[in-house]
Structure formats: structure tokens, C-alpha cells
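For reference, the structure discussed in these notes is given below.
The values are calculated or read from the model by the stated rules, or taken from the named source; none is laboratory data. Computed from a predicted model, the values in this text were never measured in an experiment. Cβ: placed from backbone, ideal geometry, glycine included. Neighbour counts: every protein chain shown. Side chains are part of the model used for accessible areas, which takes the heavy atoms of the whole protein and leaves out ligands, DNA and RNA. Shrake-Rupley method; radii C 1.70, N 1.55, O 1.52, S 1.80 Å.
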Amino acid sequence: MAKLVLLRGHPPQRIFSLFHNDSVRIGRKVPKDEICIEDGCISRAHAIILYEDGKYMVHDLHSTNGTYVNGSSVEKHHLKDGDVITVGQCMLRFQGTAISGGEEIDIPTRVSLRTDREGTTTDRREFARGCLT
């Protein structure tokens with residue numbers, strides 16, 4: 001299963017699973033973004049991860065501060081295992097390949113991360129089979 005691992009951001013090491021038949025948007029606006037990160041340097045709809053022709057791709061959605069892969073600015077980029085995507089102050093590492101077959105796994109359809117003034121991070125996850133807050 002392909003994953004995005006939050007390397008820098010709140011909280012670090014958060015893992016987001018990817019399905020090959022879904023697109024996953026990254027941004028700071030709830031409720032439309034599947035990976036919502038509260039960072040003033042991230043656009044409301046910053047980037048999208050798509051599965052196309054057997055490969056994962058990241059597309060910048062005309063964000064203000066751009067999307068970077070391995071330090072290079074990109075508009076569209078085929079992701080390889082280990083690639084590091086930077087949006088705003090956050091870094092996400094792409095891991096793995098697509099799921100083979102029709103494996104059914106509970107993963108969040110939307111994750112919202114927020115940090116309060118004291119530095120405490122909370123998240124809200126909505127699952128396809130219910131809601132966990």
C-alpha cells in the first residue's frame with residue numbers, strides 16, 4: 001500500500017494511506033481536503049496526489065508557495081518510493097506502491113490537524129464507516 005508519511009509538521013510521523021483509485025488533496029481548508037494541515041504557508045487547495053497509468057503523481061494546484069519534490073519546484077511529478085514532497089513548512093515522504101486487488105482497509109477519508117496556542121495538536125478523522133473525533 002502506498003503511503004505519505006508526515007516528516008515535518010504537526011504531529012510528525014503521521015501516516016496517510018493512499019488507494020490507487022482515489023485522489024487525495026492536500027491543503028488547509030476543511031472540509032474539501034482529504035489531508036488538511038493547518039499551516040499558513042499552505043494554500044487552501046495546495047496539491048493533489050493522483051493515481052494515473054499505474055503510477056502516483058503529485059500535481060500542484062496553482063498554490064501560492066508552490067509544491068516541491070526532493071527540493072525542486074514541480075507542477076506535475078511522477079512519484080517514486082522515497083520522494084519527499086514539501087508543501088509550505090510540511091514535508092511528506094512518499095512510500096510504497098499501489099494496493100493490489102480489492103483489499104478493504106479502514107483509512108481516514110479526511111484528516112484535519114490543528115495546533116493551538118500552547119502547541120497541542122489535535123486531529124479529527126472521518127472514516128468511510130463512521131466518524132472518530
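Restricting attention to the range 38-62, the residues that are touching a Gly at 6+ places or on another chain (Cβ under 6 Å) and either modelled with pLDDT under 85 or under 19 Å from residue 3 (Cβ atoms) (or both) add up to 2. Of everything in the range 4-23 that is surrounded by fewer than 22 Cβ atoms within 10 Å (Cβ to Cβ) and within 13 Å of residue 85 (Cβ to Cβ), the residue that is modelled with the lowest pLDDT is 9. Identify all residues within the range 55-82 that are out of contact with any Phe, Trp or Tyr (no Cβ under 9 Å at 6 or more places or on another chain) and closer than 17 Å to residue 95 by Cβ; write none if there are none. Within the range 55-82, 55, 70, 77 meet the criteria. Does residue 26 satisfy the condition of being open to solvent by less than 70 Å² (accessible area, probe 1.4 Å) and not in a loop (DSSP other than H, G, I, E, B)? So residue 26 fits the description; yes. Restricting 122, 97 to those that are modelled with pLDDT under 95, more than 12 Å from the chain's Cα centre (by Cα), part of a strand (DSSP E or B) and within 20 Å of residue 7 (Cα to Cα) reduces the list to 122.
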